[in-house]
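Only one structure is covered here, and it is reproduced in the block below.
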Amino acid sequence: MLGFSYYLDHTLNEDDKKYLQSMQQHHFNEIFTSLHIPEDEPSQYATRLQELLEFTNDLSLHVFVDIDKHSLKNLPHDLTGFSLRLDDGFTNQEIAQLSQDGPVALNASTLSEQDITELRDFKANFKNLEAWHNLYPRPETGLDKNWFIQKNRWLKQLGLTTQAFIPGNETLRGPIYSGLPTLEHQRQQDLLASALELEKYGVDKIFIGDPRLDLTYQTKFYDYFNDRVFDLCLKASPNFPPYLVNKVLHNRPDPAAQVVRVVESRGMNALNKKIVEPLDTIPRNTGSITIDNQKYGRYMGEVQIIKNDLPMDEKVNVCGHLDQASIQLLPYFSANTAFRFNYKE
């Protein structure tokens, strides 16, 4: 499941509403917000949260509110229609009691075996418990990958739904503006590649930590998580075959180790009845897109994406290059993976 963040540092406006609608249309189904951010003024939180809940209810977007024991006083008792993500100050007995009423998200990073034992003793409803990792505004403070993998494996063994954050890109959250990831190495990584990495580690809910994700990435996330199609961006490539642009293509069912072989490419070239002359037979760096020329005989017209550096081959033309963000997606290609080439906007 995909989710995103909306912060209560300003009154909900028309631009916010359009963004919330757009994210919902791109199949982001849950929202994270917070009632305890030190830089913000909490006095307006209750009103702003109520406005958010009224709007998101019509969109069927479920809201999780991050809260600690101290900021609980800012939450009106008559406000409903959301779940709590509990931070500091709550006892396990209080958590167990809250879990009887609906979903409750715990701090995954600090949850211990003793906590689990006490929650069981207090008859917590584990079907309503989720384990949410923190987001880390300050560079160098995000979680270590290996520690995260081990922790997440343990949480999954307990049967808990797990969650983690990746950064946004259109608007970053202040006051540091360095992204809001859970894993430190994902602070500068491609966003879809980061989501796929979390999916590989068994994370159930992947949330955008920063306030905004741009429309290009909203579309990329929708295309992959809804249709399982990768959107790949081409750098300016005058010799790239135009018949391959904006078409859903596939890797072979028997995936090669070093290249992605475009199943449809030889047939498409044959329909064009084009002889592929030798041109730009240069070294094939990672992310290069190649087409076999006439010297390769019956392979003429086969298009490949290079997954790791290969030497030049007089039988193979380099006809294009992926951008760096798209290159980071190549490790997630497997048998029959669907993808689409488009030029960068």
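Would you be able to tell me the number of residues in segment 319-345 that are in a strand (DSSP E or B) and open to solvent by 20 Å² or more (accessible area, probe 1.4 Å)? Reasoning before the result, please.
Step one: filter segment 319-345 for residues in a strand (DSSP E or B), giving 319-322, 338-343.
Retained after the next criterion (residues that are open to solvent by 20 Å² or more (accessible area, probe 1.4 Å)): 321, 340, 342-343.
Qualifying residue count, segment 319-345: 4.
For Phe165, all conditions in the list (1) under 12 Å from the mean Cα position of the chain (by Cα); (2) within 20 Å of Ser326 (Cα to Cα) hold save one; what is the number of the exception?
Only one criterion is unmet by Phe165, namely (2).
Scan segment 304-318 residue by residue and report those that are hydrophobic (A, V, I, L, M, F, W, C) and in a strand (DSSP E or B).
As a first pass, look at segment 304-318 and keep what is hydrophobic (A, V, I, L, M, F, W, C): 305-306, 310, 312, 316, 318.
The answer is Ile305, Ile306, Leu310, Val316, Val318.
Somewhere in segment 101-111, is a residue open to solvent by 10 Å² or more (accessible area, probe 1.4 Å), modelled with pLDDT under 95 and among the charged types (D, E, K, R)?
Checking segment 101-111: at least one residue is open to solvent by 10 Å² or more (accessible area, probe 1.4 Å), modelled with pLDDT under 95 and among the charged types (D, E, K, R).
Looking at segment 234-274, which of its residues are surrounded by 18 or more Cβ atoms within 10 Å (Cβ to Cβ), in a strand (DSSP E or B) and of a type in the set (A, V, I, L, M, F, W, C)?
Hits for segment 234-274 are Leu234, Leu249, Val259, Val260, Val262.
Testing Arg212 on (1) open to solvent by less than 50 Å² (accessible area, probe 1.4 Å); (2) closer than 20 Å to Thr337 by Cβ; (3) touching a residue at least 60 places away in the same chain (Cβ under 8 Å), one condition comes back false. Which one is that?
(2)
Being open to solvent by less than 80 Å² (accessible area, probe 1.4 Å) and not aliphatic (A, V, I, L, M) is the filter; apply it to segment 146-155 and report the residue that is nearest to Ala193 (Cα to Cα). Lay out the reasoning, then the answer.
Restricting attention to segment 146-155, the residues satisfying the condition of being open to solvent by less than 80 Å² (accessible area, probe 1.4 Å) are 148-149, 151-152, 154-155.
Adding the requirement that they be not aliphatic (A, V, I, L, M) leaves 148, 151-152, 154.
Details: Phe148: 17, Lys151: 21, Asn152: 19, Trp154: 24 Å.
Filtering segment 146-155 for residues that are open to solvent by less than 80 Å² (accessible area, probe 1.4 Å) and not aliphatic (A, V, I, L, M), the one nearest to Ala193 (Cα to Cα) comes out as Phe148.
Looking at Asn317, is it more than 15 Å from Thr337 (Cα to Cα) and touching a residue at least 60 places away in the same chain (Cβ under 8 Å)?
Working: more than 15 Å from Thr337 (Cα to Cα): yes; touching a residue at least 60 places away in the same chain (Cβ under 8 Å): yes.
Criteria met by Asn317.
Among the residues of segment 163-176, write down those that are of a type in the set (Val, Ile, Thr) and surrounded by 23 or more Cβ atoms within 10 Å (Cβ to Cβ).
Here is the first cut: in segment 163-176, the ones of a type in the set (Val, Ile, Thr) are 166, 171, 176.
Selection gives Ile166 alone.
Output the residues belonging to segment 77-87 that are assigned to a loop (DSSP other than H, G, I, E, B) and open to solvent by less than 50 Å² (accessible area, probe 1.4 Å). If you could, list the steps in order and put the result at the bottom.
So the first thing to find is which residues in segment 77-87 are assigned to a loop (DSSP other than H, G, I, E, B), and the list is 77-82, 87.
Of everything in segment 77-87, those that are assigned to a loop (DSSP other than H, G, I, E, B) and open to solvent by less than 50 Å² (accessible area, probe 1.4 Å) turn out to be Leu79, Phe82, Asp87.
Does Thr281 qualify as being touching a helix residue (DSSP H, G or I) at 6+ places or on another chain (Cβ under 7 Å) and of a type in the set (S, T, N, Q)?
no
Whether any residue in segment 59-66 is open to solvent by less than 40 Å² (accessible area, probe 1.4 Å), among the β-branched types (Val, Ile, Thr) and assigned to a helix (DSSP H, G or I) is what I want to check. Spell out the reasoning first.
We begin by selecting, within segment 59-66, every residue open to solvent by less than 40 Å² (accessible area, probe 1.4 Å); these are 59, 61, 63-66.
The next check asks that each one be among the β-branched types (Val, Ile, Thr); those that pass are 63, 65.
Now restrict to residues that are assigned to a helix (DSSP H, G or I): none.
Within segment 59-66, none of the residues are open to solvent by less than 40 Å² (accessible area, probe 1.4 Å), among the β-branched types (Val, Ile, Thr) and assigned to a helix (DSSP H, G or I).
List, please: which pairs have Cβ atoms under 6 Å, are six or more places apart or on different chains, and start with a residue in segment 60-86 that is closer than 18 Å to Gln97 by Cα and end with one that is open to solvent by 60 Å² or more (accessible area, probe 1.4 Å) and acidic (Asp, Glu)?
Note: pairs meeting the criteria are Asp68/Asp88.
Which of the residues spanning segment 178-206 are in contact with a strand residue (DSSP E or B) (Cβ under 9 Å, 6 or more places away or on another chain) and either part of a strand (DSSP E or B) or farther than 15 Å from Gln328 by Cβ (or both)?
Gly179, Leu180, Thr182, Leu183, Glu184, Tyr201, Gly202, Val203, Asp204, Lys205, Ile206
Kindly check whether there is at least one residue in segment 19-38 that is open to solvent by 80 Å² or more (accessible area, probe 1.4 Å), modelled with pLDDT under 95 and of a type in the set (Ser, Thr, Tyr).
no
Right, Thr56: under 29 Å from the mean Cα position of the chain (by Cα) and farther than 28 Å from Leu143 by Cβ or not?
Values: under 29 Å from the mean Cα position of the chain (by Cα): yes; farther than 28 Å from Leu143 by Cβ: yes.
So Thr56 passes the test.
Which number in (1) touching a strand residue (DSSP E or B) at 6+ places or on another chain (Cβ under 8 Å); (2) outside any loop (DSSP other than H, G, I, E, B); (3) open to solvent by 30 Å² or more (accessible area, probe 1.4 Å); (4) closer than 25 Å to Leu106 by Cβ marks the one condition that Tyr136 misses?
Of everything listed in (1) touching a strand residue (DSSP E or B) at 6+ places or on another chain (Cβ under 8 Å); (2) outside any loop (DSSP other than H, G, I, E, B); (3) open to solvent by 30 Å² or more (accessible area, probe 1.4 Å); (4) closer than 25 Å to Leu106 by Cβ, Tyr136 misses just condition (2).
Is it the case that segment 242-256 has a residue that's of a type in the set (Phe, Trp, Tyr) and either under 25 Å from the mean Cα position of the chain (by Cα) or under 19 Å from Asn342 (Cα atoms) (or both)? Spell out how you get there, then give the answer.
Pass one, segment 242-256, residues of a type in the set (Phe, Trp, Tyr): 243.
Retained after the next criterion (residues that are either under 25 Å from the mean Cα position of the chain (by Cα) or under 19 Å from Asn342 (Cα atoms) (or both)): 243.
Among the residues of segment 242-256, at least one is of a type in the set (Phe, Trp, Tyr) and either under 25 Å from the mean Cα position of the chain (by Cα) or under 19 Å from Asn342 (Cα atoms) (or both), which makes the answer yes.
Considering only segment 251-271, how many residues are over 17 Å from Cys319 (Cα atoms) and modelled with pLDDT under 95?
Number of matching residues: 3.
The values are calculated or read from the model by the stated rules, or taken from the named source; none is laboratory data. Please read all numbers here as calculations on a predicted model, not as lab measurements. Heads up, the Cβs are rebuilt from the backbone with ideal geometry, glycines too, and the neighbour counts pull from every protein chain shown. Just so you know, the surface numbers come from the protein's heavy atoms only, side chains and all, with ligands and any DNA or RNA stripped out. Shrake-Rupley method; radii C 1.70, N 1.55, O 1.52, S 1.80 Å.
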